[in-house]
Structures are given as structure tokens and as C-alpha cells.
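Input: a single structure, listed below in C-alpha cells.
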Amino acid sequence: CGLVGGTASPVLIDAINKKIDEGYEHYYAIYNCFLDVVRNSEYTLNDENISLGAEKLEYNTGVFEYFDEITNNRNIKNYLISSGIKVLLDKTKISKYFDEIYATTFKYDNDIIIDTDYLMSDKKKVEIIKKILIDNGYSDNDCSDVIYIGDGLTDLYAMEYVRSNGGESVFVYLDSSNELLNAARESDAVSYFDYADYSINSS
């Protein structure tokens, strides 16, 4: 919410913390603040504006090559589980590679966003993993055929679930000195750490 030069604006951090102090759940406080920012701007709070720039997103090296390989040649199912905005993610160039995208959705009044509907959180990611397993004929705790790839601390809860139930988890990063990476290394949730280069000949 309110990223400025890679860091959150102190004013917005204060606003989020105030909402948390008022009893708002952490993820809801962030999204509530985000919606307030857009609502108070020159943009109408609708799907079109909330997903501006989706087609201009940049991706890590080799991402399209990677998905072409595993989707076309290996018959692997791919799911995106994100605390980001579903309507935006649905419009990205990479969305076509996913069997399903699970992310935050909104409530509407005449096409105007008024609040969050389904708010994805770190713990809800585990709920979605269980749903995907059941939908694919597995028990909800059989992750033996699951590889979870994540790049943030909000992925650790899901990574721990996958790894403790027979699957593998991969934490990818762009900066080896990133504080998030150091924090992830201190957990038991991650099977492998690697630089976010998805090229076929990369590690």
C-alpha cells in the first residue's frame, strides 16, 4: 500500500497501524488502506483502474520459457496463489499458464469496488492448497506431488505445510542480501533456495 521508492510511505504505515490498533486483521488493514488511497485519487474504484498496468508487468528471466516447457512438455498443473488482486492477475501475460488463479477479490456496488470480498492471507493459502489437492484426487494433506515456489514471508506458512506433508518448497530471490531471504533461511519451511532465474539451463 503506497510504495514510494521501494518502501512504504510512513503516513500510510501509520494509517495501516491505526487500523490494526482498531482491531482490523493485518491483511484487511492493508487492503482497506489501499482502497482508501484509490478512492481519494482521481481514479474511479473499478476493475479497469484497479488493474492498470497489468500488461506492462516485468517478469524474472526465463519465466515464459519455463512455463512453456513444464506446461507443454511435462503436463504439470500450475496454480497461482497470491495475496495480490485477482482481477489484475487475470489480465497479466502470464495468467494463461495457470489452471486457476486464487487471489484477493472485491465486493461491488454497480461495478464500483466498495470492500474486499475474499481476502487472501498466508493461512488462507494453505486452505487453497488443500482445495487444489482434493480437486485433483488427493487427500488434503498429501503434498507428495506438490512443489510450492514463493518469494516472500507470506509464503512460509504454505511452504511449511507443503514440506511437512511430503512436498517440496522453493524460495526464489533476486537479492541475496534481502532481509526476507535471511528470515526465510531461519525457518524450516523451505526445501531449496535459489536465484529467480527460470531459464532452462539455470539451476
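Just so it is clear, none of the values below were taken in a lab; they were calculated from the coordinates. From a predicted model like this one, the values you see are computed outputs, not experimental measurements. We place every Cβ from the backbone using ideal geometry, glycine too, and count neighbours over all the protein chains shown.
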>> Distance cut-off 24 Å, Cα to Cα: go down the list 19/93; 19/91; 19/123 and report the pairs above it.
In response: 19/93; 19/91
> Roughly how big is the stretch 74-203's charge dipole about its Cα centre, with Cβ charges of +1 (Lys, Arg) and -1 (Asp, Glu), in debye to the nearest 20?
Replying inline: 300
> What shape does the stretch 44-160 take by its C-alpha gyration tensor, where a ≥ b ≥ c are the square roots of the eigenvalues and a/c under 1.5 counts as rounded, a/b above b/c as prolate, and the rest as oblate?
Replying inline: oblate
> So how strong a dipole does the stretch 7-150 carry about its Cα centre when Lys and Arg Cβ are +1 and Asp and Glu Cβ are -1, to the nearest 20 debye?
Replying inline: 180
> Gap in Å between the Cα centre of the stretch 34-110 and the Cα centre of the stretch 176-198?
Replying inline: 23
> So which trypsin sites (Lys or Arg not before Pro) in the stretch 21-74 are both in a DSSP loop and have at most 14 other Cβ atoms within 10 Å of their Cβ?
Replying inline: 74
> Given a cut-off of under 8 Å on Cα pairs at least six residues apart, what relative contact order in percent is computed for the chain?
Replying inline: 16
> What is the local net charge at residue 195, summed over the other residues whose Cβ is closer than 15 Å to its Cβ (Lys, Arg +1; Asp, Glu -1)?
Replying inline: -3
>> Under 19 Å between alpha carbons, and skipping anything fewer than 8 positions from residue 125 in its own chain: which lysines qualify?
In response: 77, 86
>> If you take every residue apart from residue 152 with its C-beta less than 12 Å away from the C-beta of residue 152, what net charge results, scoring Lys and Arg +1 and Asp and Glu -1?
In response: -3
